[in-house]
Amino acid sequence: MKMLEYINLENKFGVRNYKPLDVVLSRGKGIWVWDIDGRKYLDFLSSYSAVNQGHCHPEIFKTLSDQAQKLPIISRAFRNDQLPLFYKEICDLTKSEKVLPMNTGAEAVETALKAVRKWGYLKKNVPSGKAEIIVCEHNFHGRTTTVVGFSSDENSKTNFGPFTPGFKIIPYGNTGALENAITGNTVAFLVEPIQGEAGVIIPPEGYLQKIRDICTKNKILLILDEIQTGFGRTGRLFAKDHEDVQPDLMLVGKALSGGFYPVSAVLGTEEALDVFEPGQHGSTFGGNPLACATARAAMRVLIEEKMAENSAKMGKYFIDQLNTIKNKRIKEIRGKGLMIGVELYSDTPGGARKYCEMLKEYGLLCKETHENIIRFTPPLIIQKNDIDWALEQIETVFRNLLPGKCKC
């Protein structure tokens with residue numbers, strides 16, 4: 001089949017809830033992917049950070065293959081030999097007391113929301129049905145009905161209501177707004193250490209430590225959503241480590257399995273997570289042997305191969321070099337580690353999508369967000385010569401697309 005035939009089949013039978021670039025990929029290895037015609041591309045999206053370890057990492061693959069031939073899944077009505085090892089290793093890695101495994105990031109978010117509400121009723125004596133959770137503008141925590149209900153992105157929520165009550169939205173990065181929003185019924189603050197889908201929005205320095213102090217002072221739980229930022233993406237093992245902050249609950253997913261299998265987890269204190277009793281929460285696939293074995297391997301190679309350290313080093317180099325590109329359409333370049341956003345002026349013809357489409361033609365795959373922001377998030381195994389090659393393509397594209405009138 002030719003590329004257009006694949007695209008037509010997808011358009012005919014698939015629900016159009018995505019707007020992909022017109023490239024049909026068939027295999028990947030490391031930082032590279034190939035389309036059905038054999039053309040090679042540098043993956044600068046990493047499946048939204050699900051493949052921090054690179055495509056088809058051999059050690060993770062071997063572990064998954066071996067476990068799949070032994071015992072892929074068994075009901076949580078019984079115990080399995082991979083689950084307790086996964087529990088200990090991820091708790092040790094994250095300095096957590098308890099863990100509850102799920103499958104997707106959205107499931108982890110929903111699990112945390114249930115936990116903090118029950119915690120509020122049992123431990124803080126919030127009146128039944130009155131628990132409040134504070135979130136931030138421009139957040140992205142998933143696509144479930146509850147989660148889109150507290151999104152500030154109207155496109156995500158229009159015509160999907162009615163929504164779950166009990167959420168307050170405040171400006172991101174504003175500690176004063178957090179303090180003002182807290183009431184006696186507030187049970188938690190849910191926040192991303194860096195807002196990824198919003199366009200790699202980085203809060204002011206010291207923000208995480210300040211919100212930790214505010215939550216502690218007011219006896220509310222701090223939930224950090226590290227589903228995109230976790231496992232080395234920002235140049236530290238977790239984004240919280242930049243300020244040495246320990247949340248009450250931390251949500252992880254994506255790179256937790258190295259892209260091989262859906263695995264997520266809610267990590268936190270015993271006080272916050274021991275509110276669940278048997279039968280009150282669970283998942284058919286959550287915590288299965290295949291998921292646990294794969295996640296253990298994914299965490300192991302991340303540490304052994306020093307991927308977070310490489311992310312810090314290569315990210316700094318990449319950002320420094322991006323800042324040398326002279327183009328009047330570029331408004332701002334920002335990032336931490338290998339989580340980088342290039343914001344264009346809002347009147348750029350074709351928006352960021354046009355640049356992503358042209359970068360594809362030069363062998364570089366990335367994706368726009370919020371119309372005028374390009375995200376660069378390559379696998380954490382990328383090396384300097386690969387970044388230099390990518391920079392050549394980026395400079396060429398920005399040179400070839402008309403810069404327009406200077407906004408400087």
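More than 19 Å from Ile90 (Cα to Cα) and within 16 Å of the chain's Cα centre (by Cα): which single residue out of Ser264, Ser311 fits that description? Only one candidate qualifies: Ser311.
Would you mind stating whether Gly142 is buried (at least 17 other Cβ atoms within 10 Å of the Cβ), in a loop (DSSP other than H, G, I, E, B) and not basic (Lys, Arg)?
Yes; evaluated as a whole, the condition is true for this residue.
Out of Ser96, Ser152, Ser156, one residue alone is closer than 23 Å to Pro203 by Cβ, part of a loop (DSSP other than H, G, I, E, B) and either at pLDDT below 95 or not assigned by TED's automatic domain parsing to the domain that holds Asn218 (or both). It is Ser152. Report yes if some residue within the stretch 230-245 is more than 22 Å from Glu305 (Cβ to Cβ) and in contact (Cβ under 8 Å) with a residue 40 or more places away in the chain; otherwise report no. No, the conditions are met nowhere in the stretch 230-245.
All conditions in (1) out of contact with any strand residue (DSSP E or B) (no Cβ under 6 Å at 6 or more places or on another chain); (2) charged (D, E, K, R); (3) over 28 Å from Glu205 (Cβ atoms); (4) touching a residue at least 12 places away in the same chain (Cβ under 8 Å) hold for Glu361, with the sole exception of (4).
Entry remark, the stretch 196-225: residues being in a helix (DSSP H, G or I) and under 25 Å from Gly105 (Cα atoms) number 6 in total. Among residues of the stretch 279-294 that are under 16 Å from Leu85 (Cβ atoms), those with a beta-carbon under 8 Å from a residue that is part of a loop (DSSP other than H, G, I, E, B) and hydroxyl-bearing (Ser, Thr, Tyr) at least six positions away or on a different chain give the pairs Leu290/Tyr261; Ala291/Tyr261; Thr294/Tyr261.
Considering only the stretch 80-99, I want to know if a residue exists there that is of a type in the set (Lys, Arg), surrounded by 14 or more Cβ atoms within 10 Å (Cβ to Cβ) and out of contact with any strand residue (DSSP E or B) (no Cβ under 7 Å at 6 or more places or on another chain). No, the conditions are met nowhere in the stretch 80-99.
Screening the stretch 319-380 for strands (runs of 3 or more DSSP E) wholly inside it with 2 or more residues that are more than 11 Å from Leu45 (Cβ to Cβ) returns the ranges 330-336, 339-344. Scanning the stretch 29-50 for residues that are out of contact with any helix residue (DSSP H, G or I) (no Cβ under 7 Å at 6 or more places or on another chain), farther than 21 Å from Ile394 by Cα and not charged (D, E, K, R) gives a single hit, Gly38.
Of all residues in the stretch 271-312, those that are in a loop (DSSP other than H, G, I, E, B) and farther than 30 Å from Trp119 by Cα total 2. Taking first residues from the stretch 105-117 that are assigned to a helix (DSSP H, G or I) and partners that are acidic (Asp, Glu), the Cβ contacts under 7 Å between residues at least 6 apart in sequence or on separate chains come to Val109/Asp225. The residue that is nearest to Leu344 (Cα to Cα), among those in the stretch 183-195 that are touching a strand residue (DSSP E or B) at 6+ places or on another chain (Cβ under 7 Å) and in a loop (DSSP other than H, G, I, E, B), is Ile194. Among residues of the stretch 159-180 being in a loop (DSSP other than H, G, I, E, B) and within 22 Å of the chain's Cα centre (by Cα), the one that is surrounded by the most Cβ atoms within 10 Å (Cβ to Cβ) is Tyr172.
Every test in (1) over 24 Å from Leu391 (Cβ atoms); (2) exposed (fewer than 15 other Cβ atoms within 10 Å of the Cβ); (3) modelled with pLDDT of 95 or more is passed by Ser75 save one, and that test is (3).
The values are calculated or read from the model by the stated rules, or taken from the named source; none is laboratory data. All values reported here derive from a predicted model rather than from experimental measurement. All Cβ positions, even for glycine, are placed from backbone atoms using ideal geometry, and neighbour counts span all protein chains on display.
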